[in-house]
Amino acid sequence: MTHTALKGEKIIIHWHTKNSESIRLIRERFGVPTYTTLNGLTPALLKPEDRAVFDETARRGYFTYHHAEWTFNGFSYSW
């Protein structure tokens, strides 16, 4: 399934934690792709039902995020 077929809010995550286990668990819980730029940014689709837990995870300092339009061309992301 491609990202264009999925529903959700397009966001970009900026990771603050360097703990790889925490990042892995967050990725699994919210379905965040494993792609991260050199600047520590990760594009993701946020499901509406995950919003409250996602915001609490951000509040605890693991990451910050902002809304941005991004596209996935099959090989890379651009925004």
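Out of region 59-75, which residues are touching a residue at least 12 places away in the same chain (Cβ under 8 Å), within 23 Å of K18 (Cα to Cα) and open to solvent by 30 Å² or more (accessible area, probe 1.4 Å)?
Scanning region 59-75 gives G61, Y62, T64, Y65, H66, H67.
Using beta carbons and a limit of 8 Å, which pairs, at least six apart or on different chains, have the first residue in region 1-22 and over 16 Å from E69 (Cβ atoms) and open to solvent by less than 30 Å² (accessible area, probe 1.4 Å) and the second one of a type outside the set (A, V, I, L, M, F, W, C) and modelled with pLDDT of 95 or more?
W15/Y62; T17/G61; T17/Y62; S22/Y62
Output the residue which, of all residues in region 26-36 that are open to solvent by less than 80 Å² (accessible area, probe 1.4 Å) and free of Cβ contacts under 8 Å to residues at least 24 places away in the same chain, is farthest from I13 (Cα to Cα).
Taking the candidates together, the pick is G31.
Pairs please, first residue from region 40-58 and within 19 Å of S20 (Cα to Cα) and open to solvent by less than 70 Å² (accessible area, probe 1.4 Å), second anywhere and of a type in the set (K, R) and assigned to a helix (DSSP H, G or I), Cβ atoms under 9 Å, 6+ apart in sequence or on different chains.
Pairs found: T42/R27; A44/R27; F54/R29; T57/R29.
The values are calculated or read from the model by the stated rules, or taken from the named source; none is laboratory data. Since we're looking at a predicted model, the values are computed, not measured. Note that we place each Cβ from the backbone using ideal geometry, even for glycine, and neighbour counts take in every protein chain shown. Accessible surface is based on the protein model in full, side chains and every heavy atom, while ligands, DNA and RNA are left aside. Shrake-Rupley method; radii C 1.70, N 1.55, O 1.52, S 1.80 Å.
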